[in-house]
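Structure first, then comments.
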Amino acid sequence: NKLYAEWSKKNLPILKAVIGKVPEGYAIRVTGHADPDAGEAKATKIALGRAEHIKGRLAKDLGADAEKLGVKSYGSAEFAEEAGKSISENRRVEFEAYKK
C-alpha cells in the first residue's frame, strides 16, 4: 500500500541498521495498537492483526533479518493515556526491543 511504500523508503534502511545490531537473545517487536470503540477483545484482535500485517511486509523486505522480529498486541491499553490524540493516531504500530 502507498503508506507503507512511503514509510519504507525513509525508514527501512534505519530498521535494517538497528536489526543488524540487535544482540543475541533479543529481538524487535512490532506492537499493534487500536482504539476501544468496539470493546477490548476486538481491539486486541485488530491490533494483533495490524502488527502481524506489518511484520509480514517487513519480513519480505528484511530477508534473513526477519527472524529477529516478533509481534505483540496492546489492544487499546495505551489509548486512555493518549486521550488527547485522534483515533487515527491510536490506530498504529510501533517497534520495541525485547529479550526473547
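Among the residues of the stretch 3-57, those identified as in a helix (DSSP H, G or I), more than 20 Å from LYS68 (Cβ to Cβ) and small (Gly, Ala, Ser) are ALA5, ALA41, ALA43, ALA47, GLY49. For SER76, the criteria (1) buried (at least 18 other Cβ atoms within 10 Å of the Cβ); (2) modelled with pLDDT of 90 or more; (3) in a loop (DSSP other than H, G, I, E, B) hold in every case but one, which is (2).
From the list PRO36, PRO23, which one is over 11 Å from the mean Cα position of the chain (by Cα) and within 21 Å of LYS99 (Cα to Cα)?
Result: PRO23 is the single residue among PRO36, PRO23 that is over 11 Å from the mean Cα position of the chain (by Cα) and within 21 Å of LYS99 (Cα to Cα).
Determine, yes or no, whether GLY75 is touching an Asp or Glu at 6+ places or on another chain (Cβ under 8 Å) and on the phi > 0 side of the Ramachandran plot. Considered against the rule, which asks whether it is touching an Asp or Glu at 6+ places or on another chain (Cβ under 8 Å) and on the phi > 0 side of the Ramachandran plot, GLY75 comes out as yes.
The values are calculated or read from the model by the stated rules, or taken from the named source; none is laboratory data. Note that the structure is a prediction, hence the values are computed from the model and not measured. Here Cβ is always computed from backbone atoms with ideal geometry, including for glycine, and neighbour counts include all displayed protein chains.
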